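Peer 1: I have a structure I would like to understand better, so I am pasting it below and will then ask my questions one at a time.
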Amino acid sequence: QTELKAVLEESEFLLDMLIHCSDLANACRPRKIMTEWAKRVLTEFWRQGDLERLHGLPVGPGRDRQTANVPLGQQFFIKVLVNPLYSAWKEVIPEVE
């Protein structure tokens with residue numbers, strides 16, 4: 001029972017990790033596709049920031065179109081989120097390199 005639970009938890013963790021890798025995969029695509037998806041995501045974030053401002057709420061990080069530094073934001077995104085996740089995934093499944 002304990003061994004089965006551990007296997008199921010590990011399987012669930014790996015599936016969660018795979019979903020996160022899929023979610024962040026656009027940063028790994030060819031430049032034209034990556035750029036288009038980055039624009040779409042930024043548009044979504046900035047619209048949320050616009051709504052936050054409209055309702056008198058603090059505008060969250062990365063959601064202020066007026067102060068956005070897109071290249072710096074993309075570097076941060078890749079360095080802090082994408083690279084560590086894919087490095088960890090490579091440890092689990094070395095063939096992905």
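The values are calculated or read from the model by the stated rules, or taken from the named source; none is laboratory data. As the structure is a prediction and not an experimental result, all values here were calculated from the model. Cβ placement follows ideal geometry from the backbone for every residue including glycine, while neighbour counts extend to all protein chains displayed. Protein only, heavy atoms only, side chains kept; ligands, DNA and RNA dropped before computing areas. Shrake-Rupley method; radii C 1.70, N 1.55, O 1.52, S 1.80 Å.
Peer 1: Report every pair of residues separated by at least 6 positions or lying on different chains whose Cβ atoms are under 7 Å apart, first residue within segment 34-55 and farther than 19 Å from ILE78 by Cβ, second surrounded by 14 or more Cβ atoms within 10 Å (Cβ to Cβ) and basic (Lys, Arg).
Peer 2: TRP46/ARG63; TRP46/ARG65; GLN48/ARG63; GLY49/ARG63; GLY49/ARG65; GLU52/ARG63
Peer 1: Only one residue in GLY49, GLY60 is touching an Asp or Glu at 6+ places or on another chain (Cβ under 8 Å), outside any helix (DSSP H, G or I) and over 30 Å from GLU97 (Cα atoms). Which one?
Peer 2: Being touching an Asp or Glu at 6+ places or on another chain (Cβ under 8 Å), outside any helix (DSSP H, G or I) and over 30 Å from GLU97 (Cα atoms) holds for just one of GLY49, GLY60, which is GLY60.
Peer 1: Filter segment 63-77 for residues that are open to solvent by less than 70 Å² (accessible area, probe 1.4 Å) and part of a helix (DSSP H, G or I); which is nearest to HIS20 (Cα to Cα)?
Peer 2: Among those residues, the one meeting the criterion is PHE77.
Peer 1: How many of the residues in segment 1-48 are among the aromatic types (Phe, Trp, Tyr), over 14 Å from the mean Cα position of the chain (by Cα) and under 30 Å from GLN66 (Cβ atoms)?
Peer 2: 1
Peer 1: Output yes when any residue across segment 52-62 is open to solvent by 70 Å² or more (accessible area, probe 1.4 Å) and acidic (Asp, Glu), and no when none is.
Peer 2: The answer is no, given that none of the residues of segment 52-62 is open to solvent by 70 Å² or more (accessible area, probe 1.4 Å) and acidic (Asp, Glu).
Peer 1: Inside segment 13-33, can you point out the residues that are more than 16 Å from LEU85 (Cβ to Cβ) and surrounded by 11 or more Cβ atoms within 10 Å (Cβ to Cβ)?
Peer 2: Selection gives ILE33 alone.
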